[in-house]
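Student: Here's a structure for you.
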Amino acid sequence: MSSEISARHYNVDVGRMIDMVLAMPEHIRRAWEFSEDFAGRMKRRPHRIVVCGMGGSSISGQLLRDLIGPGGAASVHIERGYALPAFAGRDTPVVCISYSGNTGETLAMYREAARRGCPLFVIASGGALIGEAEAAGSPALTVPGGLPPRAAIGYLFTPLLRMAAAAGLINMDEKKLGSALEGIETLLETCRPDSDLADNGALHLAKRLYGKIPVVYSGDGLLAGAGYRWKCQLNENSKSMAFHNTFPELGHNEIMAWDCPAKMRQDTFLIMLRDVDDHDRVRKSMDAAYAILEPLAGSAVAIDSIGAAGAAGRLSRLLSTVVMADLTSVYLAVEYGRDPTPIGKIEQIKEKLGSEDE
């Protein structure tokens, strides 16, 4: 039976997106190795870091921000657009990430940061961004190319992780990284297309999501960026409408949207992402909301991050939630009979703008 499911999967997943998801631990290990010198050029304990990027290139900065947390040694600001924050100056490291190296918005922010004299770092697979950084003598890390940007998250996130470790912002080394990846590899092995169907939680969830509109809720802590990753992967891979918001803020506004007519709710699928270290008040708000919303939604599921509680398990719990998003979105695409890899409408926008994105 598993061989039949695997064959059907690859008949639809022509671009083999699932193989790129399964390769994430390998990408992370490779990136940790080749980013050592690059990461070592980050100054110790910067007060603020700005990470600039779009789409699949920017989520890595958001994940780093959540991993460090609001009480960490530095604040990480994410910029998705054309302008830097007003505070960015000579004491503010700016990391520009564009997988292609040709993203118009990221190039604009790189050039603005250069004019302001910000310490600049560049991560890309090539393109104009690498060329301009090398010409200016800015640290530039060239990562392996040939992937959709959203599938290169291991290559884009890990250099940031190593930079944060080198700067003394997080406690991370090769051994701790390997430990975090062990649980992720177990999850990926369980959810391969040729795995035992009974244990493939991502495929089961994808089948439940068929024909539904996912509404992904998380706390505003460790899983905030991972929740956004769920939304984006469902959008790009599954070609599905999907939405994301965070507690506690949504409990003060969006929660009332569930009083809409029943016919508007019947096709929604509530996905509640929970982390063991969510703030106690946030956890209580999420539990209360789930009890209220489960009977109103077409379907609902609560998903807990996987890993040890506390600081030692943060990376594992973060990555487990990201991996589950990637797997589920690919399987849902196959359920819809759609190859997850092509992103036609995004390409059409790029053509109209006359520039390459991400």
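The values are calculated or read from the model by the stated rules, or taken from the named source; none is laboratory data. None of these values were measured; they are calculated from a predicted model. Counting neighbours? That spans all protein chains shown, and the Cβs are built from the backbone with ideal geometry, glycine included.
Student: Out of everything in region 271-302 that is under 25 Å from the mean Cα position of the chain (by Cα) and without any contact (Cβ under 8 Å) to a residue 12 or more places away in the chain, what residue ends up being farthest from Leu318 (Cα to Cα)?
Tutor: Among those that are under 25 Å from the mean Cα position of the chain (by Cα) and without any contact (Cβ under 8 Å) to a residue 12 or more places away in the chain, it is Asp287.
Student: I'm trying to understand the selection: among the residues of region 267-285, which are more than 22 Å from Leu67 (Cα to Cα) and either of a type in the set (A, V, I, L, M) or modelled with pLDDT under 95 (or both)?
Tutor: Result: Leu270, single match.
Rundown of residues vs (1) outside the structural domain of Ala124 (by TED's automatic domain parsing); (2) modelled with pLDDT under 95, yes/no style:
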{"position": "Glu4", "(1), (2)": "yes, yes"}
{"position": "Tyr10", "(1), (2)": "yes, no"}
{"position": "Glu36", "(1), (2)": "no, no"}
{"position": "Arg45", "(1), (2)": "no, yes"}
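Student: When both residues are 6+ apart or on different chains and their Cβ atoms are under 6 Å apart, which pairs have a first residue that lies in region 246-264 and is small (Gly, Ala, Ser), and a second that is surrounded by 11 or more Cβ atoms within 10 Å (Cβ to Cβ)?
Tutor: Gly251/Ser285
Student: For region 194-229, enumerate the residues that are surrounded by fewer than 22 Cβ atoms within 10 Å (Cβ to Cβ) and within 14 Å of Gln62 (Cβ to Cβ).
Tutor: The answer is Asp220, Gly221, Ala224, Tyr228.
Student: Go through region 310-334 residue by residue and tally those that are at pLDDT 95 or above and more than 27 Å from Arg8 (Cα to Cα). Please lay out each step first, then the result.
Tutor: Of region 310-334, the ones at pLDDT 95 or above are 313-334.
Filter once more, keeping what is more than 27 Å from Arg8 (Cα to Cα): 313-319.
Number of matching residues: 7.
Student: Taking into account only those residues within region 129-153 that are of a type in the set (Gly, Ala, Ser) and closer than 11 Å to Tyr99 by Cα, which is surrounded by the most Cβ atoms within 10 Å (Cβ to Cβ)?
Tutor: Ala151
Student: Please give the number of the condition Ala288 fails out of (1) outside any helix (DSSP H, G or I); (2) over 30 Å from Ile18 (Cβ atoms).
Tutor: Here Ala288 meets the rest and fails (1).
Student: For Asn245, all conditions in the list (1) within 16 Å of the chain's Cα centre (by Cα); (2) surrounded by fewer than 22 Cβ atoms within 10 Å (Cβ to Cβ); (3) assigned to a helix (DSSP H, G or I) hold save one; what is the number of the exception?
Tutor: (3)
Student: Give me the pairs, please: first residue somewhere in region 186-211 and in a helix (DSSP H, G or I), second residue anywhere and of a type in the set (D, E, K, R), beta-carbon distance under 7 Å, and either six or more positions apart or on two chains.
Tutor: Once the first residue is in a helix (DSSP H, G or I) and sits in region 186-211, its partners that are of a type in the set (D, E, K, R) give Thr190/Asp199; Ala206/Glu335; Lys207/Glu335.
Student: Which numbered condition trips up Leu222, out of (1) under 21 Å from Arg65 (Cβ atoms); (2) assigned to a helix (DSSP H, G or I)?
Tutor: (2)
Student: Is region 230-239 home to any residue that is surrounded by fewer than 16 Cβ atoms within 10 Å (Cβ to Cβ), farther than 18 Å from Leu63 by Cβ and modelled with pLDDT of 95 or more? Before you say what the answer is, go through the steps one by one.
Tutor: Step one: of region 230-239, the residues surrounded by fewer than 16 Cβ atoms within 10 Å (Cβ to Cβ) are none.
Looking through region 230-239, none of the residues is surrounded by fewer than 16 Cβ atoms within 10 Å (Cβ to Cβ), farther than 18 Å from Leu63 by Cβ and modelled with pLDDT of 95 or more.
Student: Note down all Cβ pairs under 9 Å where the first residue falls in region 316-343 and is basic (Lys, Arg), the second is part of a helix (DSSP H, G or I) and at pLDDT below 95, and they're at least six residues apart or on different chains.
Tutor: Matching pairs, first to second residue: Arg317/Gly183.
Student: Also, quick follow-up: Against the conditions (1) assigned to a loop (DSSP other than H, G, I, E, B); (2) in contact with a Lys or Arg (Cβ under 9 Å, 6 or more places away or on another chain); (3) more than 23 Å from Ile18 (Cβ to Cβ), where does Arg283 fall short? Just the number, please.
Tutor: (1)
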